[in-house]
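The values are calculated or read from the model by the stated rules, or taken from the named source; none is laboratory data. All values derive from a computational prediction rather than experimental measurement. Every residue, glycine among them, receives a Cβ derived from its backbone with ideal geometry; neighbour counts consider all protein chains shown. Protein only, heavy atoms only, side chains kept; ligands, DNA and RNA dropped before computing areas. Shrake-Rupley method; radii C 1.70, N 1.55, O 1.52, S 1.80 Å.
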Amino acid sequence: MFEHFVFDWRDLLDIALVSALLYQVIQLLRGSRALAVLTGLGLLTLLYFMSRTMGLYTLTWLLQHIFSSLFILIVVIFQADIRQALGEMGAHRLFRRRELKQGGVEEVVMACVEMARLRVGALIVIERSMRLGDMIKREGVRVDAQLSRQLLMNIFYPKAPLHDGAVVISRGRIMAAACILPLAVAKGQNFGTRHRAALGITQESDAVAVVVSEERGEISVAMKGELVRSLDATRLRQVLNEIL
């Protein structure tokens, strides 16, 4: 009776690939607004089957027309999430090297600590797997210089011509300055432009953003749209070494 249920290696490969894909989708959706939207679509689907069973023809007709455009609806609603997911898939590396070595981390930490002490605002974006070259070409001023705390402090000096915007560090070098980043919508939070920009770029890429607040002299780190605030030198160094 079990002769029709014999698995070969292709069935096992098929199950493994589907399982891996579902796992990645769940990981991407966890803690995001996409999960809430999908829950709403699930409720609409349940309502559709209930309306068909109960003979509610007008409601069934309306839901049928909504579902006929479901693919376009999903693309419109999840365009930012789809772009981020595809970017992460394309940038994934099985053996990813460190994007910022120990010496580079120390230069960033020392620059941020000193700028926080002097109440100099700064926004430093550190690339990881997803490259930000398009943003640099479009908005920023190319620098391509060796990473050093002195250069970072000179760039963000309030009267310097490049102090507005973000510095982008790529492959351990300062690639660009004065970069304009997408701003996140921070509802219910008293975030300034730098913090919203840090959240925005980390929502759209896997980059890490370090923010120095000129008002509070506070150092924060943003990653995946989340912000960790009030970091001292030790904690900032620890966070960057863990992430990069």
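In segment 176-187, of all residues being in contact (Cβ under 8 Å) with a residue 40 or more places away in the chain and of a type outside the set (Gly, Ala, Ser), the one that is least open to solvent (accessible area, probe 1.4 Å) corresponds to Cys179. Checking Leu181, Leu199, Leu231 one by one, the residue that is in the same structural domain as Leu118 (by the TED database), within 19 Å of the chain's Cα centre (by Cα) and assigned to a loop (DSSP other than H, G, I, E, B) is Leu181 and no other. Residues in segment 202-218 that are of a type outside the set (S, T, N, Q) and open to solvent by less than 10 Å² (accessible area, probe 1.4 Å): how many? Matching residues across segment 202-218 total 6. Please tell me if Gln79 is modelled with pLDDT of 70 or more and surrounded by fewer than 16 Cβ atoms within 10 Å (Cβ to Cβ). So Gln79 fails the test. Pairs linking a residue in segment 228-244 that is of a type in the set (A, V, I, L, M, F, W, C) to a residue that is open to solvent by 90 Å² or more (accessible area, probe 1.4 Å), with Cβ atoms under 8 Å and 6 or more positions apart or on different chains, are Leu244/Arg98.
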